[in-house]
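Let me begin by presenting the structure, written as structure tokens, before commenting on it.
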Amino acid sequence: MRSSRVFCLFITVTMLLPLELPAMSGELSQALSWDQIFGWLRRPKPPYGSRGDNLCALSPADVENETLMLSVRPMFLWRGDAYAIALRTPNSETHLWEQVLPGQTDGIKLKQETLHRWQYSGQPLQSGKTYEFLLYRRVDDPAPKRSTFRILANAEQAEVREMLANLQAKSERKNLMKEEIAVQRVQALMERSLWSDAVVEAYAIKQPSVELLQVMQQIPDKICKQAKDKAIR
């Protein structure tokens, strides 16, 4: 129960509140109170978009001025039906990588929908470089959904990986359960503004608790609404 509450807090608060960076030793900042989360952790009303066209990237998602990602071989996560996904550099019409999707993808089944994910399989992305992730509804889609992200520089990647390794080691010495360890990793990624990586890691948790499942149900609407609001600003 305790670990799930910590997860609920950081998976939602980080998108609105700036957080301090965690120490490289693997120490985490203090969690906020339940009162600070319940005020806005709710499904947008009316619900975001329509079920007829709810295509939306969840990782990376274009909800901030700059979305950061750790992995040079990222896992992409989205809601809605897509014909293909692709990568390119900004202001370019040429794909660096593309994947026509099969009828069935690796899905994450939620109560009312299934999310989709696909592991990037091209050449390792370049550290410090900015990319554009594209979601195509059909083969001749003239306006694919776009999300821009930047891969961390080499030094930044090394710092984060060291921090995660230290955190993992400390958690294992404390004999924490798998979800408790995952919660701490998610929180640490959030505190480094790597919330796209954090979202992917959260959805990778096997046999999530009831509390975590409830949060997972709300994440897509929350992210997609923020992306929509940013697009019309």
### Message
Would you confirm, using the coordinates I've provided, whether Leu164 is at pLDDT 90 or above, touching a Lys or Arg at 6+ places or on another chain (Cβ under 7 Å) and within 18 Å of Cys56 (Cβ to Cβ)?
### Response
no
### Message
Looking for something in contact with a Cys (Cβ under 8 Å, 6 or more places away or on another chain), assigned to a strand (DSSP E or B) and either modelled with pLDDT of 90 or more or more than 16 Å from Met216 (Cβ to Cβ) (or both) - is there at least one such residue anywhere in the range 72-87?
### Response
yes
### Query
Any residue in the range 83-93 that is surrounded by 19 or more Cβ atoms within 10 Å (Cβ to Cβ), touching a Gly at 6+ places or on another chain (Cβ under 8 Å) and touching a residue at least 24 places away in the same chain (Cβ under 8 Å)?
yes
### Message
I'd like the full set of residues that are surrounded by 12 or more Cβ atoms within 10 Å (Cβ to Cβ) and either of a type in the set (A, V, I, L, M) or without any contact (Cβ under 8 Å) to a residue 12 or more places away in the chain (or both), limited to the range 162-176.
### Response
Met163, Leu164, Leu167, Leu176
### Summary
The correct count of residues that are touching a residue at least 12 places away in the same chain (Cβ under 8 Å), closer than 24 Å to Pro102 by Cβ and open to solvent by 20 Å² or more (accessible area, probe 1.4 Å) in the range 133-158 is 7
### Query
Residues in the range 97-133 that are in a loop (DSSP other than H, G, I, E, B) and under 18 Å from Asn65 (Cα atoms): how many?
2
#### Entry: Any helices (runs of 4 or more DSSP H) falling wholly within the range 134-233 and containing at least 2 residues that are touching a strand residue (DSSP E or B) at 6+ places or on another chain (Cβ under 7 Å) and of a type in the set (S, T, N, Q)
none
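The values are calculated or read from the model by the stated rules, or taken from the named source; none is laboratory data. No experiment lies behind these values; they were computed from the predicted model shown. Cβ coordinates were reconstructed from backbone atoms using ideal geometry, including for glycine residues, and neighbour counts include every protein chain displayed. All accessible areas refer to the heavy atoms of the entire protein, side chains included, with ligands and DNA or RNA removed. Shrake-Rupley method; radii C 1.70, N 1.55, O 1.52, S 1.80 Å.
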